[in-house]
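Presented below is the structure to which this report refers.
Since every read-out is calculated from the coordinates, none of them should be taken as a lab result. Keep in mind that what you see is a predicted model, and the values were worked out from it rather than measured. Using ideal geometry, Cβ is built from the backbone for each residue, glycine included, and neighbour counts are taken over all protein chains shown.
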Amino acid sequence: MKQSPESGRPRTLGGAAGRRKRRSGDSALAAGNPLLQVRLPAWRSRLLLFGLFCGFVALAGRAFYLQGGVSTQFLQRQGEARYARTLDVAATRGTITDRNGVVLASSVPARGVWAIPDDVEAGKRDLAQLARLLDVPSGELRRRLADDRTFVYLKRQVEPGVAQRIESFNLAGIHTSREFRRLYPEGAITAQLLGFTDVEDRGQDGIELAFERILGGRPGLRHLIKDRLGRAVEDDWVREPIEGRDIRLSIDNRIQYIAFSALRAAVEANQAQGGSIVVLDVESGEILALTNWPSFDPARRDRMEPQKLRNRAVTDTFEPGSTLKPFSIATALEAGVVMPQSTVQTAPGSMRLGGHTITDTSSHGVLTVEQVLAKSSNVGTAKIALQLPAQALWDTLTAVGFGQAPHAGLTGAVTGRLRPPQSWRPIEQATIAYGYGVSVSLLQLARAYLVFARDGDIVPVSVMRADSPAAAVPVLRPQTAQAVRRMLELATSDEGTAPSARVSGYPVAGKTGTARKLRDGRYSDAYVASFVGFAPASDARVVIAVMIDEPHGGHYFGGDVAAPVFSQVAAGTLRALQIAPQAHALALAATEAATEAR
Amino acid sequence: MPIRLIVAVLAAFLMASAMSLVTSRHRARGLFADLEAAQQLARQSEAEGNRLRIDLGRAAQPAAIEVAARRLGMRPIDPEHTTLLPPAARPASP
C-alpha cells in the first residue's frame, strides 16, 4: 500500500495508523530539513572502503614482511629479548690434593654482592643491616653506593648463606652473582707451595699458577629460554664449560706439617730471619714436603706481605758452605786422587793460597779423608780439591744439578750460580770445593744429595705424584756413593759435626753447613746454618734438607741450629712412612736416654 | 560426499595432532624445569660435598690432632717407651 504521505483521508489518530502518521510527520520534517536532503555521492563510501582495504593490505604486507621470510630477524630479536638469556656458566677450578688424597686447596661456591648505585633505595636501617652482614663499615658502604658508576661491587666472595639473607631483604638495586672462593684447609703450612688465586679464581702464584692450565677450566656459555614465570624451559649450549681437573701432589700433608712445625719452632728459638725445609723421596724424587717460615695465611689477603709470599726453598739461593764438601770428596774418590783412608795434613788449621787464607774452626792435625768430611775441615777439602782438574769438579756439580733450575713444576725456580771451570783460579777452586763462590737453592741441594742416598745416580725431582719411577741418570760409581755415605754417617757420630742430627732407632747420614752471608760483596757476620742428610743411612728413604737463615740465638753452626731440626723431621717422617726402626739403634738410643735421665 | 568425510576426518586428525603437540610441548617444558631443578640440586650437593671434604681435611689436620691428643694427655713417641717385638713374638692373628 504505497501512498503519498500528503494524500490522506481524515483518520482517527491511534493504533497502527497513528504510528504511521507520526512517521509520515518525520518524513515531512526531513523533507523540510535541507541538510538531510543532501545526497552523499557514492564515491565517498567507496573511497573509504578502498582506504580500509589499503590499510589491511599494508598490514598484511607488513605481517608477511616480518613473518614470511623477508625480514624475520626483527621479531625474533624482540622475542629473544623477552624470553631468551645467554648465561655464563663458570667452570669449577680443580682441587689440589696431597699424595693421600687430602684436600689442600678447593673451590667452593660463593656470591659476589654488587649494586647499581642509582637504583638503590634503601633506608638507613637496611644499609646498617647490609653493612653488618657484609662485615663492611657502614661509612664505607655508603661511600661505595654514592659512587656515580653504574656498577659497584660491595663485597666479593661472600658466603652463600650470607648472600641468601641479603637476597631475602629484596633491596632494590642490590644484586648477587655467582662466583667461587678458594679454600686452603692447611693454611700457612702449605701457603707458599700452593700459592693463591685472585678473585676471579685464576692462579697467581705457586702450584696454582704453575698448573693453571690443568686446574683452571674454561667457562661455558648457555642459551636459555624462560617462560613468563622466569623458569627455564629450553636450553642450548653455545659453548660447554670445561671443568678444571684435579691434581694430586707428591706432598704428604703429615710430613709437611712435621716439617713446618719443626721449622717454625727452630726459627723462633734461634731468632732467625727465616728458614726452609725440603723432604724428598729417595726412590722417586718426589717432594714429600716443602715448607718455609715465615709464612702467611692465604685466607687473610689483607695481611699478606710480599717477603712472606716467596717459596724460599726454590726461589732463594745461598752459598751452601760445607754441605757442598761431599761432592768435592766424591769427585776426588771417583778420580782416584784419594782413598777414604788416605791422610791429609790440616795443621795448623789454616793455609795460604793466592793471597787468601783458608781456615778451619780449629786445628785437626792429620785427618783421613773420612775425617775431613766428618769434622768438616775446609783446609783438608781444599787440599784434596786442588789435586783435581777444575773440569772434574764442575762436571760433578753440574751433573747433580747445580747451576740449573730443577724442573720440579714450581714457579720461580732459580738456577743458582756455578761459573764455568775455565774461569776458576786455584783459590776459587778451593773455595768452591767447600761451598763458597757457588750459590744454590735448598731444593737443588736436597736433590743433589739423592746421589749419595741412591748409590750414585740421580732422578729429577717432582711436586706431582709420580705413577711410574723416574729415569735415573748415573753420576758416581756405586762404590764412591757408598764410601761418601759412610763418611756422612760418621759426621753424625760423636766424632762428627752433627751428633744432634741423630734419630733414635734409625741410623742417619748427613752434612752440616755454616756459611757466612754475602752482603754488598763482602762476607758479613750473618750466617746460613744448614743440614742436608738422609735416613735411614744404609737404606735411605728420605733426603731432608734444612736451612735456617741468620740465626741470632747464640748458636749459628749448622750442627747446633739445623741438625736438631733434621733429627725431629726425620723421626716424624720415618714414623709417618711406617719405616720400622732398627732394633739395635733403638736399644742404643734407649740406653743413652736412660743414662742421660740418671 | 566421501571427500567431505575425508576432509572432516583429516581436520579432526589435525586438531588432535595440534592438541597433542601443545600437550607434549607443555610436558617437555615441565620435565625440563624438573631437570633444571635436579641439576641445581646436584650442583649444590657437589658444592656441599666439597665443603664437607674441606671440613674433614680441617678436622683431620695433623695440627688439630696433635692439640686434641695433648688435651687427652697423650705425648709423642720416644725411644724410652718403644719396644720392638721380634717377628716370632708377635701374637698370632685370630
Practice task
Could you tell me how many degrees, from 0 to 90 and to the nearest 10, lie between the Cα long axis of helix A:563-576 and the main elongation axis, the longest principal axis, of the Cα atoms of chain A?
Solution key: 60 degrees
Exercise for the section: Compute the Cα gyration tensor for the range B:1-83, then decide on rounded, prolate or oblate, letting a ≥ b ≥ c be the square roots of its eigenvalues: rounded whenever a/c is under 1.5, prolate when a/b is larger than b/c in the other cases, and oblate in all that remain. Expected result: prolate
Fill in the blank from the handout: Expressed as a percent, the portion of alpha-carbon pairs in the range A:157-280 spaced more than 24 Å apart is 55 percent
Exercise for the section: Round to a whole angstrom and tell me the spacing of the C-alpha centers of the range A:133-176 and the range A:494-535. Expected result: 55 Å
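Could you please rank A:Met351, B:Met74, placing first whichever residue has the fewest other Cβ atoms within 10 Å of its Cβ?
Details: A:Met351 20, B:Met74 11.
If I rank by nearby Cβ atoms, fewest first, I get B:Met74, A:Met351.
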Fill in the blank from the handout: Taking placed amide H atoms and a strict 5 Å upper bound, the residues 5 or more places from A:Glu179 or on another chain that come that close are A:Ala110, A:Arg111, A:Gly112
Problem - Per-bin percent of Cα-Cα distances, the protein assembly as shown [10 Å] - result: 3, 11, 17, 16, 12, 10, 8, 6, 4, 3, 2, 2, 2, 2, 1, 1, 0, 0
Fill in the blank from the handout: With +1 at each Lys and Arg Cβ and -1 at each Asp and Glu Cβ, the charge dipole magnitude of the range A:461-561 around its Cα centre, to the nearest 20 debye, comes out at 280 debye
Completion exercise
Classified through the alpha carbon gyration tensor (a ≥ b ≥ c as square roots of its eigenvalues; rounded if a/c is under 1.5, else prolate when a/b is larger than b/c, else oblate), the range A:192-253 comes out prolate
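Please give me the summed charge of the neighbours of A:Asp148: other residues whose Cβ is under 15 Å from its Cβ, Lys and Arg +1, Asp and Glu -1. Don't skip to the answer; put the middle values down first.
On the way: positive: A:Arg142, A:Arg143, A:Arg144, A:Arg149; negative: A:Asp118, A:Asp119, A:Asp147.
Combined, the nearby Lys, Arg, Asp and Glu give +1.
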Handout entry: the range A:253-597: projected area of the alpha-carbon convex hull, averaged over directions, in nm²
Key = 17.8 nm²
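For the range A:210-316, go through all pairs of different Cα atoms, get the mean of 1/r, take its inverse, and jot down that Kirkwood value in Å.
Details: mean 1/r = 0.0560 Å⁻¹.
Over the range A:210-316, the inverse of the mean reciprocal pair distance is 17.9 Å.
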Handout entry: Lys/Arg +1, Asp/Glu -1 at C-beta; the protein assembly as shown dipole; positive extreme among A:Phe534, A:Ser168, A:Ala470
Key = A:Ser168
Practice task
Hand me the tally of lysine pairs in chain A: alpha carbons under 18 angstrom apart, and the pair either on different chains or 8 or more positions apart.
Solution key: 7
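Classify the range A:480-539 from the C-alpha gyration tensor, please: rounded if a/c falls under 1.5, else prolate or oblate depending on whether a/b exceeds b/c. Walk me through the intermediate numbers first.
Details: a/c = 3.12, a/b = 2.27, b/c = 1.37.
Here the range A:480-539 falls in the prolate category.
What is the mean number of Cβ atoms from other protein chains located within 10 Å of the Cβ atom of each residue in peptide A:245-256, rounded to a whole number? The partial results should precede the final answer.
Details: counts 0, 0, 0, 0, 0, 0, 0, 0, 4, 4, 1, 1.
What the average comes to for A:245-256 is 1.
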Practice task
Report the longest stretch of chain A that contains none of the GluC sites (Glu not before Pro) sitting in a DSSP loop with at most 12 other Cβ atoms within 10 Å.
Solution key: A:201-494
Completion exercise
Log entry: pair-distance distribution for the range A:40-181, C-alpha pairs binned every 10 Å from zero, whole % per bin is 9, 23, 17, 15, 13, 10, 8, 4, 1, 0, 0
Handout entry: Dipole of chain A, positive direction: furthest Cα of A:Gln192, A:Val561, A:Ala374, with charges on the beta-carbon
Key = A:Gln192
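Roughly how big is the protein assembly as shown's charge dipole about its Cα centre, with Cβ charges of +1 (Lys, Arg) and -1 (Asp, Glu), in debye to the nearest 20? Provide the component values of the computation, followed by the final result.
Numbers: 83 positive and 67 negative charges, 1134 e Å.
It works out to roughly 5440 debye.
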Completion exercise
Kirkwood radius from Cα pairs of the range A:242-369 plugged into Stokes-Einstein at 10 °C, 1.306 mPa s, gives D in µm²/s equal to 83 µm²/s
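Taking the Cα centre of the range A:253-597 as origin, sum charge times position over the Cβ atoms of Lys and Arg (+1) and Asp and Glu (-1), and report the length of that vector in debye to the nearest 20. Intermediate results must be reported in sequence, preceding the final value.
Details: 29 positive and 28 negative charges, 119 e Å.
Dipole size: approximately 580 debye.
Mind sorting A:Leu87, A:Leu373, A:Leu367, A:Leu130 by how few other Cβ atoms lie within 10 Å of their own Cβ, fewest first? Intermediate results must be reported in sequence, preceding the final value.
Working: A:Leu87 14, A:Leu373 29, A:Leu367 21, A:Leu130 24.
Ascending Cβ contact count within 10 Å gives the list A:Leu87, A:Leu367, A:Leu130, A:Leu373.
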Problem - Average projected area [Cα convex hull, the range A:301-438], square nanometres - result: 10.3 nm²
Exercise for the section: Please compute the Cα-Cα pair-distance distribution of the range A:430-565 with 10 Å bins starting at 0, giving whole percents from short to long. Expected result: 12, 39, 34, 13, 1
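Mean residue ellipticity at 222 nm from the helices of chain A, using -39,500 (n - 2.57) per DSSP H segment of n ≥ 4 over the full residue count, to the nearest 500 deg cm²/dmol? Display every interim value, and only then the final one.
Values: 23 runs with 223 residues, N = 598.
So the helix-based figure for chain A works out to -11000 deg cm²/dmol.
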